[in-house]
Amino acid sequence: MNKFDRTELLKSLVSNNEIDRQEDLVELFKERGFEVTQATISRDIKNLGFTKIQVSSGKYKYVMSEDNTNILINPVDNFILGIEEQENLIRLDVKPGSSMHVKSDIQIRFANWIFAVIADDDSVLIIAKSVSSADTIYKELINR
């Protein structure tokens, strides 16, 4: 199986199934007659920009980046514990382990106003392009 066909099948599997583990994807490929390694799936997931989100059942699943805007549960609305703004910086305190989901959502929702986003386990730092951009992002997040 060539890379193009593999990534197309991967996109289809992620779009049509609630997949939370790369091993599950390896198994789905195997069921369709294709041998792939978890390392290959991992690289493809990274290259395609997939992220994991929490769905209404509380479980996590992989989604394609463009799907993040249509999810039922918005990471920003569910995981932020606190927000502070200073100049062009916004610091978010988030539930432990949720920062990458929040970071991904922030990058998609506020791409035009963001210079960079840095995340660790329980916080996210948004560096806005300007003070007015930070104000726009802050107001949107406060009014969630």
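A few remarks follow.
- Helices (runs of 4 or more DSSP H) within segment 1-84 that include 2 or more residues modelled with pLDDT of 90 or more: 3-16, 22-31, 38-48
- Yes/no for K129 being modelled with pLDDT under 95 and more than 16 Å from T51 (Cα to Cα): no
Here's the yes/no breakdown for (1) touching a residue at least 24 places away in the same chain (Cβ under 8 Å); (2) within 15 Å of the chain's Cα centre (by Cα); (3) closer than 11 Å to R91 by Cβ:
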site	(1), (2), (3)
D105	yes, yes, no
I118	no, yes, yes
V124	yes, yes, yes
I127	yes, no, yes
I137	yes, no, no
I142	yes, no, no
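- Across segment 96-125, the qualifying residues are those that are small (G, A, S) and under 14 Å from I83 (Cβ atoms), and the one among them that is modelled with the highest pLDDT is S123.
- Taking segment 102-124 as the range and being in a loop (DSSP other than H, G, I, E, B) and aromatic (F, W, Y) as the test, the residues that pass are F110, W113.
- Close contacts from segment 25-50, counting a first residue that is within 14 Å of V14 (Cβ to Cβ) and a second that is polar (S, T, N, Q) and loosely packed, with under 13 Cβ neighbours inside 10 Å, with Cβ to Cβ under 6 Å and a gap of 6+ residues or different chains, come to V26/Q38.
- Exactly one residue out of I80, I127, I118, I106 is within 26 Å of G58 (Cα to Cα), surrounded by 14 or more Cβ atoms within 10 Å (Cβ to Cβ), among the hydrophobic types (A, V, I, L, M, F, W, C) and touching a Leu at 6+ places or on another chain (Cβ under 7 Å), and it is I80.
- Within segment 80-97, considering residues that are touching a residue at least 24 places away in the same chain (Cβ under 8 Å) and not aliphatic (A, V, I, L, M), the one farthest from Q54 (Cα to Cα): E87
The values are calculated or read from the model by the stated rules, or taken from the named source; none is laboratory data. Not measured: the values here are computed from a predicted model. Ideal geometry is used to build each Cβ from the backbone, glycine not excepted, and the neighbour counts take in all protein chains shown.
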